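Worksheet for the structure shown next.
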Amino acid sequence: MNERAPGKPGPAEGARSGIVVSVETSCDETAVAIVEDGRRIRASVVASQVAMHAATGGIVPEVAARAHLRWIVPVFEEARAAAGIDDWSIVEAVAVTNGPGLAGSLLVGINFAKTLAYVHDVPLVPVNHLEGHIYAAWLLDSGEADRPAPSFPLVALVVSGGHTFLVQMSDHLSYRLLGETVDDAAGEAFDKVGRLLGLPYPGGPAIMEAAAGAERRDVIFPRAWMGDSYDFSFSGLKTAARRSIELAAGSGRRAPAGPASEGLDAGMVAELAYGFQESVVDVLATKTGRAAERSGARCIVLGGGVAANSVLRDRIAGRAAALGIPLIVPRPGLCTDNAAMIGAAGYFRSRAGSRADLALDARPSLRLVP
Ligand code: KG4
Ligand code: ZN
């Protein structure tokens, strides 16, 4: 912190306990965690707004920001108590997501983290949400046995509701962008097609569940290969899905105001969900495997909400096995938004000397690789 009250001492020199308190409010989860050495989760609390946003079929930014304001203190208090943090002299840093995300939502977490850092005289470390999704691969649950950290060089695929990209990491905090979506994110495609199919929000888990029940598995959706590049495109797939859904519903016309899926029985919804999911998974797994092979990666890391998809996890695990390298993918609860991942990335950022002062602001369009 550069700005401090007159007479207030600086942070304890050499406070390198490895304990990071982390805060995440970029989208629709209010989350606080306590992580040790960037790996061990001492506490992780997530208050999800999913049920609230399901009523509107998506996130209303102002509603999300107000919910963060309501929940941030109780969520923090639960995490603090669970980790038994009474003495702040053992805290190395407060890490907080400063972007990308919804401005109003980010500001709630940023202001809360600033307050903690200021009151307890602990360094404030800004963390890119997308870096957090990658560093979730370093996390160990409290009871989990030690396992080796991901080794470099590695290839990481991040697939969330707002982002889809492939990066190569030669070392900690060092990224080379291999490719990214030119339009929709993979999770966004899941959510939009879920809505077209008349499935509940968010579409990702609902499509996965519906697809698992598909009897016939011969519905083929197009794949946007984007040449030999590592870029992705999912907007054409969404249009193709809409057309197939309308055709299947017997209308054969553009969707009227009502859901395109009107007239579809559950079996047909399952088959369409299966075909759509296959198309997304095929492209993601193929490009990730190819990137790992060509770059000589020593492991593949997968992160972001869509990484909770078991079909995607299995398919990429197969690619990794064929290359003789491990796939490291967090358990589903650490793929979707949480603060433990911000604590993992925040630890490595803290050790690299990243610091913010009280001027820290929300950066809604922050990129991982400028
Ligand atoms: O990372 P995340 O929690 O939030 C963002 O940073 O965007 O990702 C949310 C996205 C949503 O689009 C949701 O539909 C998708 O992750 N998702 C899934 C699954 N679980 C969540 N997509 C496919 N299969 C899943 N099982
Ligand atoms: Zn996310």
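The values are calculated or read from the model by the stated rules, or taken from the named source; none is laboratory data. These numbers were taken from a predicted model, which means no experiment stands behind them. Ideal geometry is used to build each Cβ from the backbone, glycine not excepted, and the neighbour counts take in all protein chains shown. With ligands, DNA and RNA removed, areas are computed over all heavy atoms of the protein, side chains included. Shrake-Rupley method; radii C 1.70, N 1.55, O 1.52, S 1.80 Å.
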Q | For the stretch 132-214: rounded, prolate or oblate by the Cα gyration tensor [a/c cutoff 1.5] | A | oblate
Q. If each of ARG223 and MET52 carries a label point 7 Å out from its Cα toward its Cβ, how far apart are those two points in nm?
A. 4.1 nm
**Q.** 37 °C / 0.692 mPa s Stokes-Einstein diffusion coefficient of the stretch 50-116, Kirkwood radius on C-alpha pairs, µm²/s
**A.** 244 µm²/s
**Q.** Positive-pole candidate from THR239, VAL35, VAL60, dipole of the chain, charges at beta carbon
**A.** THR239
Q.
Going by average Cβ density within 10 Å per residue, which order do the peptides 336-343, 41-48 take, highest to lowest?
A. 336-343, 41-48
Q. Counting only protein heavy atoms, what percent of the accessible surface of the stretch 1-157 is carbon or sulfur at a 1.4 Å probe?
A. 58 percent
**Q.** Whole-angstrom gap from the stretch 49-117 to the stretch 147-202, using each part's C-alpha centre
**A.** 23 Å
Q. Rg to Rh for the stretch 176-306: what is it, with Cα atoms only and Rh by Kirkwood?
A. 1.01
Q: Just need the relative contact order of the chain here, percent rounded to a whole number, with Cα pairs under 8 Å and 6+ apart.
A: 25 percent
Q) So which aspartates and glutamates pass the test for LYS192, namely a Cα distance under 18 Å, with those fewer than 8 places away in the same chain ruled out? A) ASP28, ASP183, ASP184, GLU209, GLU246, GLU262, GLU271, GLU278
Q | the stretch 61-207, relative contact order [Cα under 8 Å, separation at least 6], % | A | 14 percent
Q.
Sorting check: for 313-322, 265-274, which peptide has the highest mean count of neighbouring beta carbons within 10 Å, and how do the rest follow?
A. 265-274, 313-322
Q) Can you give the angle from 0 to 90° between the axis of helix 103-120 and the longest principal axis of the chain, with both taken from C-alpha atoms, to the nearest 10? A) 20 degrees
Q) Share of the stretch 305-370's accessible area from carbon and sulfur, percent, 1.4 Å? A) 52 percent
Q) Can you give the angle from 0 to 90° between the axis of helix 186-196 and the longest principal axis of the chain, with both taken from C-alpha atoms, to the nearest 10? A) 50 degrees
Q: For every helix of n ≥ 4 consecutive DSSP H residues, a contribution of -39,500 (n - 2.57) applies; sum these over the chain, divide by its total residues, and give [θ] at 222 nm rounded to the nearest 500 deg cm²/dmol.
A: -13000 deg cm²/dmol
Q.
Can you pull out the chymotrypsin sites (Phe, Trp or Tyr not before Pro) in the stretch 187-245 whose DSSP state is coil and whose Cβ has at most 14 other Cβ atoms within 10 Å?
A. TRP225
Q. Counting DSSP beta bridges in the chain, what percent are antiparallel, to the nearest 5?
A. 60 percent
Q) For ALA359 and VAL119, what is the calculated FRET efficiency with R₀ set at 25 Å and r taken between the beta-carbons, to the nearest 0.05? A) 0.90
Q. Using Cα atoms only, what is the angle between the long axis of helix 266-295 and the major principal axis of the chain, expressed in degrees (0 to 90) to the nearest 10?
A. 60 degrees
Q: Report the FRET efficiency, 1/(1 + (r/R0)^6), for GLU144 and LEU173, where r is their Cβ-Cβ distance and R0 is 22 Å, rounded to 0.05.
A: 0.35
Q: Skip the ligands, DNA and RNA, and give the accessible area per residue of the chain with a 1.4 Å probe, whole Å².
A: 41 Å²
Q. Once a ≥ b ≥ c are taken as the square roots of the eigenvalues of the Cα gyration tensor of the stretch 248-370, is the result rounded (a/c under 1.5), prolate (a/b larger than b/c) or oblate (a/b not larger than b/c)?
A. oblate
(Q) Apply the a/c threshold of 1.5 to the C-alpha gyration tensor of the chain and tell me whether it is rounded, prolate or oblate. (A) prolate
